[in-house]
1. Taking +1 at the Cβ of each Lys and Arg and -1 at the Cβ of each Asp and Glu, which of Gly59, Trp72, Ala46 sits farthest along the dipole of the chain towards its positive end, judged by Cα position relative to the Cα centre?
2. Which of the GluC sites (Glu not before Pro) found in the range 15-100 are in a DSSP loop and have at most 13 neighbouring Cβ atoms, other than their own, within 10 Å?
3. Taking H placed 1.01 Å from N in the peptide plane, check which residues at least 5 places from Gly94 or on another chain put their amide H under 5 Å from its amide H.
4. Quick one: what are the phi-derived ³J(HN,Hα) couplings along the range 72-82, Karplus 6.51/-1.76/1.60 with θ = phi - 60°, whole Hz, x for glycine and proline?
5. List the residues whose amide H sits under 5 Å from the amide H of Asn84, counting only those 5 or more places along or on another chain, with H placed 1.01 Å from N in the peptide plane.
6. Evaluate the charge dipole of the chain about its Cα centre and quote only its size in Debye, nearest 20, assuming +1 on the Cβ of each Lys and Arg and -1 on the Cβ of each Asp and Glu.
7. Rg and Dmax of the chain, using alpha carbons, in Å: what are they?
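Bear in mind that the values in this text are calculations on the coordinates, not laboratory data. Computed from a prediction, not measured in an experiment: that's the story for all the values here. Methodologically, a virtual Cβ is constructed for each residue, glycine included, from the backbone with ideal geometry; neighbour enumeration extends over all protein chains shown.
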Amino acid sequence: MALDGNDGWAFTAPVGSFAPNPWGLYDMHGNAWEWVADWHGDTYYARSPTDDPQGPDEGNVRVRRGGSWHTWTFYARAAYRNWNSPETRYTLVGIRLVRED
């Protein structure tokens, strides 16, 4: 099912356009798929550690999370893992920058 509604933006919304989640994080779901460092493994998470699983040590495709402005509601959550090759480039995929003080 596609996301219902219109947030006023044709594609991605500017960072911080909407309220943060309860942990103070912005734009976690539905703006752009987020590349993460984990390699994808079809069976890895079925046998992975419960806390902070890191993914397999090697692989051919990387994990992405969170859905994008052009995905179904089912994908718009941080726990959903999808994947692409590291060479993939398109407007639905981005990165999250973290600033630590």
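1. In the chain, that residue is Trp72.
2. In loop regions of the range 15-100 (DSSP not H, G, I, E or B), the sparsely surrounded GluC sites (Glu not before Pro) are Glu58, Glu87, Glu100.
3. Trp33, Glu34, Trp35
4. 6, 3, 3, 7, 7, 7, 5, 6, 6, 10, 10
5. Under 5 Å from the amide H of Asn84: Arg62, Arg64.
6. 220
7. Computed over the Cα atoms of the chain, radius of gyration and Dmax are 14.4, 42 Å.
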